[in-house]
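Working notes, structure below.
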Amino acid sequence: MVNKQRRVHFAGFALAILGIVMLSVTVVAGDKGKAVHPDLSEQEMLVGCADCHREATPEIEKQWYDSLHGIAMVKCYQCHGTYGDFFVTPSRQNCATCHNNMLEKCPKDKPCWECHVPHSFKEKK
């Protein structure tokens, strides 16, 4: 009975350590804005981001769809990259591709989304 309790305690301890390691890896990756997109088959890669995210993250897809970027049909990969080089948080350089003139007017020490809500891009009041 004592051996069984030790194994249960050891298993719990091992799972706790694994959880801490996984969390730390996620936090480090999140600090850089880099994320790993779930693996997709070649067929799934042919599906537009919005088509899949309409079900996977409907609130984000709706924000994009109703935004000026959605209306203009700016595609997700244009800001966030593709499956191989995906970024949750695009860099200022990604924004500069289309908005270089606006970036010259903005504070250099702040990312765009500190003044504009992601996807809707309405100025904060």
Taking first residues from the stretch 41-64 that are exposed (fewer than 15 other Cβ atoms within 10 Å of the Cβ) and second residues anywhere that are in a loop (DSSP other than H, G, I, E, B) and of a type in the set (Ser, Thr, Tyr), the pairs with Cβ under 9 Å that are 6 or more apart or on different chains are MET45/THR82; MET45/TYR83
In this structure, does HIS9 turn out to be under 19 Å from PRO118 (Cβ atoms), at pLDDT below 85 and either outside the structural domain of SER120 (by TED's automatic domain parsing) or not in a helix (DSSP H, G or I) (or both)? no
So which residues in the stretch 78-107 are touching a Cys at 6+ places or on another chain (Cβ under 7 Å) and either of a type in the set (Val, Ile, Thr) or under 26 Å from GLU44 (Cα atoms) (or both), if there are any at all? PRO90, ASN94
Criterion (part of a loop (DSSP other than H, G, I, E, B) and within 15 Å of the chain's Cα centre (by Cα)) met by exactly one of PRO38, PRO107: PRO38
For the stretch 43-62, state whether one or more residues are among the basic types (Lys, Arg) and at pLDDT 85 or above. yes
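The values are calculated or read from the model by the stated rules, or taken from the named source; none is laboratory data. Please read all numbers here as calculations on a predicted model, not as lab measurements. Glycine also receives a Cβ, built like all others from the backbone with ideal geometry; neighbour counts cover every protein chain displayed.
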